[in-house]
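S.K.: Below is a structure I'd like to ask you about.
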Amino acid sequence: MSDDLDLSVLGHRIRHFRKLKKLTLNELSESASKPVPYLSQLENGKIEPKIGLLRALSEALDVSVAELVDPEPPNERAELEVKLERAQSDPRYKEFGLPYLKPSAKLPNEVLEHIVTLWEALPTTSGGRSLRTEDKARLANVELRREMRERNNYFKQIEDIASEALDSISYPNTGPLSERHITDLAKHFGFRVERARGMPSSARSVTDQKSRIIYIPLREEVDLRSARSVVLQTLGHYALDHSATRDFGDYLRQRVESNYFAAATLIPEGPAVELLRRSYEERQLSIEDLKETFYVSYEMAAHRFTNLATEHLDMPVHFLRCNPEGVVSKAYENDGIDYPQDEEGTVEGMRVSRHWGVRQAWQASKNFMMHYQHTVTDGGDWWCATYIEDASTNPYAVSVGTTSALATHFRGGDTIRKLDARSSQVAPDPDLIAKWESTAWPSAAQRSHVLTALPPSSREFTPFPGVDLVDVYRFLDRQRPNS
C-alpha cells in the first residue's frame, strides 16, 4: 500500500462507486466478507484496508483497484468534504475552538464551499497582509512534523526504494558503504560524481541534469563520510521522482524524504534492525553503535534510530538538536514529551529548560563523552542520551531519549543522574525579574537554525530556498563552457 494513499479520498471513492452500483452497505458487506461497521469506518476514512480487501471491493463494485485508489475525489461534493476534513485537523483551525462540523447530507454544497474558501485564504493573509516567508515555512513545518509523528517517522516506501538500490550494486548487507558503492549507486541512477573546485558556497552539491553529473566539493573541503551523505541526498531526489518544488510544504517534504533516503542507504534497514534487536535484548541500545558500525555522523545515526525504533522495537522516542543555549533547530517526538512551542505549534527556535539533558551536557566536566540523564517534567519522567558535536563555528548537541520506564534497554539507562524540570522548579524568580527587568538591555547574539536559509520576507518562494542560483549557473558554465 502506498504511503501517499489518502484514506479520506479512498473512502469517498468507495462510497461513490457503491452508490453508482446501487448497493447498500449490507449488500457490499456480504460481497466483500467484511462487517458493516468496518466498511462504514472505511468509507469515513478512518481505517486503511489491506490490498486483499481492495481487490474484493473492486470486484464487488465492478471497478479496478487503480480506480479505487485514484488520488482524486470522485466529485465536487467529495472534494469539498475532503478539504473540510483536512482543515479541521489542522492545528491552526483547532485554535479557533470551534466544534467539529460534520459534512452531513443536509449541509449544502454552497456552505461547504464558503467555509473551505475562507479557510484556504487564511494561510496567505494575516491582518490584511501577506504572511512572511518564515511564517509560511513554520506552518508547513508544523504540519510535516505532525505527519511524521503519526507514521512514527517510518517511510516504508522509501525503505523499499533504498533496499532495491543497494541490491542493484550487490551491497553485502553489512558494514559501511564505500566510495565505490556510492559511485555504483550514482551509476545505477544514471549519474557520475565529480569533485570540483570553486563550488557555490550556498549549495551542498550541484547537478548538471543534461550531462548527468553531480558536482561535490574537493576532498580537502569535504571528507568521505560527509561526501557520501551529500551524494545520496542528491540521488534521493531522483530515486523518489521529485520535481521542482512549488511551495514550502513541498520543499520541506522533499528535504525530509531525500535525507531519509540517504540515511536508509547508509544505514540499511536489515542489518540495522538486526543490530538494534540484539542490543535491545542485551539492554545495550546506543546510537554510538549505529554511528561506528555504519561510519556515519552521530546526528544521522540518531535520526535513523527514530526511523526504526517504534516500527521494529515498539519503542516511542524523542529527538532534539539544540545549541549550547538550548535553542531548538530540529525536533521529533512520538513518546508524548512536551516540547516548548509557540502559538502555532512551532518547536524550532524555542528554548528548552536548562534542566533538560540536552543543555546539562554542556556543563559536564568531560563533555566529549556521552551525557545520560533522567528528567522529571510536568508531563512525566524521561531519559535521554546527549552527544555534543563540537563544530568550531556552530556547536550543537544531539539528544535521543524515551520514557524512563523504557530506559533500561539503553546503555546509560541506569544512570543515577536525575533533575527536576517541572514548571514549579524551573519558574523564574519574580524578585529577580523585578530587580532587573527595567535595567537590563542585552544585545542578542546572531543565531543560525533551519529557517535562516529561507529567503527574506519580501521575496516569493523559489524552488531552491537559500541557494544563490546565479552563482550556481556561473559554476556550471565554468565546468562546461560549451554546453
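Read-outs throughout are calculated quantities, based only on the coordinates presented, and are distinct from any laboratory measurement. Model, not experiment: these values are computed from the prediction. Please note: Cβ atoms are built from the backbone with ideal geometry, for glycine as well, and neighbour counts cover all protein chains shown.
S.K.: Go ahead and estimate [θ] at 222 nm for the chain from helices alone: -39,500 (n - 2.57) per DSSP H run with n ≥ 4, summed, over the residue count, rounded to 500.
M.R.: Details: 20 runs with 214 residues, N = 483.
That calculation yields -13500 deg cm²/dmol at 222 nm.
S.K.: What net charge is computed for the residues neighbouring GLN479, neighbours being all others with C-beta under 12 Å from the C-beta of GLN479, Lys and Arg scored +1, Asp and Glu -1?
M.R.: Values: positive: ARG195, ARG197, LYS210, ARG474, ARG478, ARG480; negative: GLU194, ASP208, ASP477.
Net local charge, GLN479 excluded: +3.
S.K.: Another question, then. In which sequence would TYR473, TYR100 go, from the one with the fewest C-beta neighbours within 10 Å to the one with the most?
M.R.: Details: TYR473 12, TYR100 7.
Least crowded to most crowded, the residues run TYR100, TYR473.
S.K.: Within the range 131-196, which trypsin sites (Lys or Arg not before Pro) sit in a loop by DSSP and count at most 15 neighbouring Cβ atoms inside 10 Å? If you can, show how the numbers build up before the last one.
M.R.: On the way: sites: ARG132, LYS136, ARG138, ARG145, ARG146, ARG149, ARG151, LYS156, ARG180, LYS187, ARG192, ARG195; in loops: ARG132, ARG151.
Answer by residue number: ARG132, ARG151.
S.K.: What's the longest bit of the chain with no exposed GluC sites (Glu not before Pro), using DSSP loop states and at most 11 other Cβ atoms within 10 Å as the test?
M.R.: Values: sites that count: GLU95, GLU220, GLU282, GLU343, GLU437, GLU460.
Looking at the chain, 96-219 is the longest stretch - no exposed GluC sites (Glu not before Pro) with at most 11 other Cβ atoms within 10 Å.
S.K.: While we're looking at this one, here's another question. Taking the range 223-260, which trypsin sites (Lys or Arg not before Pro) meet the DSSP loop condition and have no more than 15 other C-beta atoms within 10 Å? Mind showing how you got there, number by number?
M.R.: Values: sites: ARG225, ARG228, ARG246, ARG253, ARG255; in loops: ARG246.
For trypsin sites (Lys or Arg not before Pro) across the range 223-260 that sit outside H, G, I, E and B with at most 15 neighbouring Cβ atoms in 10 Å, the list reads ARG246.
S.K.: Okay, next question. Under a point spin-label approximation (7 Å from Cα along Cα-to-Cβ), what is the ARG422-GLU72 distance to one decimal in nm?
M.R.: Here the answer is 5.8 nm between the modelled labels.
S.K.: Order these by the 10 Å Cβ neighbour count, fewest first: VAL256, VAL470, VAL426, VAL9. Let's see the in-between values first.
M.R.: Details: VAL256 18, VAL470 9, VAL426 15, VAL9 21.
Lowest to highest Cβ neighbour count: VAL470, VAL426, VAL256, VAL9.
S.K.: Below 8 Å between Cα atoms, with a sequence gap of 6+, how large is the relative contact order for the range 7-68 in percent?
M.R.: Values: 55 pairs, mean separation 26.1, N = 62.
Here the relative contact order equals 42 percent.
S.K.: Distance between the C-alpha centers of the range 68-105 and the range 296-360? Whole Å please.
M.R.: Between the Cα centre of the range 68-105 and that of the range 296-360, the gap is 31 Å.
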